[in-house]
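I am attaching a structure below and will ask some questions about it afterwards.
The values are calculated or read from the model by the stated rules, or taken from the named source; none is laboratory data. Please read these numbers as outputs of a predicted model, since none were measured by experiment. With ideal geometry, Cβ positions are generated from the backbone for all residues, glycine too; neighbour counts draw on all protein chains shown.
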Amino acid sequence: MEVDALTDVDGGLNLTDGHARLDLSPQQAAVIARLPEMFAVATRRSFPSIETAAHRAFLDAIGQHSAPVGSGRILSCYSSTLSTDIVARALPAGATVAVLHPTFDNIADLFVTRGLKLVPLSEEALLRQEWPGAPVDAIVVTNPNNPTGLVTPEGHLRSLAEHAVRHGQTVIIDASFRGQVRDAQYDTYAVLDAAGADWIVIEDTGKLWPTHELKIGLLAYSERTRLPIERAFSESLLAASPVVLQLIEALAADWVDGGYERARDLVQRNRDAVREAIGSVGLRLADPESQISVARVALPVDGPDSSLLYKELLERGVHVLPCAPFHWADPESGLRFIRLSLARPHATVASAARTLADAYRELSAAA
């Protein structure tokens, strides 16, 4: 569905993927203007020094001061999806993995493709701190969660880490949306290390800045892990681009110099526009407190479901995502939700939200 939206020859409104598809701010445009300089630096400066500086700038910008920068245990990938696939290949064949439910569907897809056995960990169980035991070998938590925006509180992560130590499990955190949410920016690495956990953390820059896929997925892992992560990494790529790493370093500097607030204001303005448009037809946001750049619309059980609404919106030139795939262990439970990306220009989001409201009104009247 996301590919269809990107390749729509008629230029439909694309509110599918969570990547930042925004206009550059003046500050970001000034960074982009320095790309020729970054190419020149990449030819005369060592890759390790460029990579370390980018890791330090980005991770400090999102509160991760205890991340193992400079230790060799943070690998730079060209996407967080590749990072996830590397982790899936590094885990033992046939391992049983508990994965948050619902969550971004490609996590489950990649793990299943690599021959892992999945069991769901519900958000409710996470909030109750009910962690799975044997035969689970690893526990995967998306923090903040996509698509719900749920943030795993620091105390809950500590509880999970301590549980995993007692049961010989690996904790895997997908923190791709962390940069958007201050509440999720407590020092995860400090919590995990203090518990003595075996951990893997995936970070992502692609959700923050409109750099047209010039992004980095960071794959960090604990000193305790015995998984062949470096081997799996080297099977997939040699290195990320030193130019993109410099770009990330510069954009991280802007993020702490007002960039975060500017992006947050736009996302909130877009969320408000969606709330207002859908409210006119009696719909509501499923996750009103979410702070990430996607929003789920809850659909009543007595009205059209998200698969039907999705098809109607396609006819009207609007691409959104029905949520059944996010409910990877129980797709039926996702039929009452549809997701819109908020990381778009305000006019795009407002127009798509009005179209969604109109389509829902007409489908409901025809039922």
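State whether one or more residues within the range 37-47 are among the aromatic types (Phe, Trp, Tyr), assigned to a helix (DSSP H, G or I) and touching a Pro at 6+ places or on another chain (Cβ under 8 Å).
yes
Which ones in the range 326-347 are surrounded by fewer than 18 Cβ atoms within 10 Å (Cβ to Cβ) and either outside the structural domain of Asn14 (by TED's automatic domain parsing) or closer than 18 Å to Ala5 by Cβ (or both)?
Pro345, Ala347, listed by residue number.
Quick one: would you say Arg361 is touching a helix residue (DSSP H, G or I) at 6+ places or on another chain (Cβ under 6 Å), in a helix (DSSP H, G or I) and of a type outside the set (Gly, Ala, Ser)?
Spelling it out, it is not the case that Arg361 is touching a helix residue (DSSP H, G or I) at 6+ places or on another chain (Cβ under 6 Å), in a helix (DSSP H, G or I) and of a type outside the set (Gly, Ala, Ser).
Considering every residue within the range 54-62, establish whether at least one is over 21 Å from the mean Cα position of the chain (by Cα) and of a type in the set (Asp, Glu).
no
Can you report the number of residues in the range 133-153 which are touching a helix residue (DSSP H, G or I) at 6+ places or on another chain (Cβ under 8 Å) and over 16 Å from Phe177 (Cα atoms)?
Qualifying residue count for the region: 4.
Is there a residue in the range 193-210 that is farther than 20 Å from Gln64 by Cβ and not assigned by TED's automatic domain parsing to the domain that holds Leu342?
Yes; the residues of the range 193-210 include at least one that is farther than 20 Å from Gln64 by Cβ and not assigned by TED's automatic domain parsing to the domain that holds Leu342.
Run down Val281, Val267, Val274, Val244 and say which single residue is closer than 27 Å to Ile50 by Cβ, touching a residue at least 40 places away in the same chain (Cβ under 8 Å) and of a type in the set (A, V, I, L, M, F, W, C).
Val244
For the range 219-232, indicate whether the set of residues that are among the small types (Gly, Ala, Ser), closer than 25 Å to Cys323 by Cβ and assigned by TED's automatic domain parsing to the domain that holds His101 is non-empty.
no
Is it true that Thr103 is buried (at least 24 other Cβ atoms within 10 Å of the Cβ), at pLDDT 95 or above and closer than 19 Å to Ser234 by Cα?
Here the answer is no, as Thr103 does not meet what is asked.
Please find, within the range 186-212, the residue that is surrounded by the most Cβ atoms within 10 Å (Cβ to Cβ) out of those that are over 14 Å from the mean Cα position of the chain (by Cα) and assigned to a loop (DSSP other than H, G, I, E, B).
Ala197
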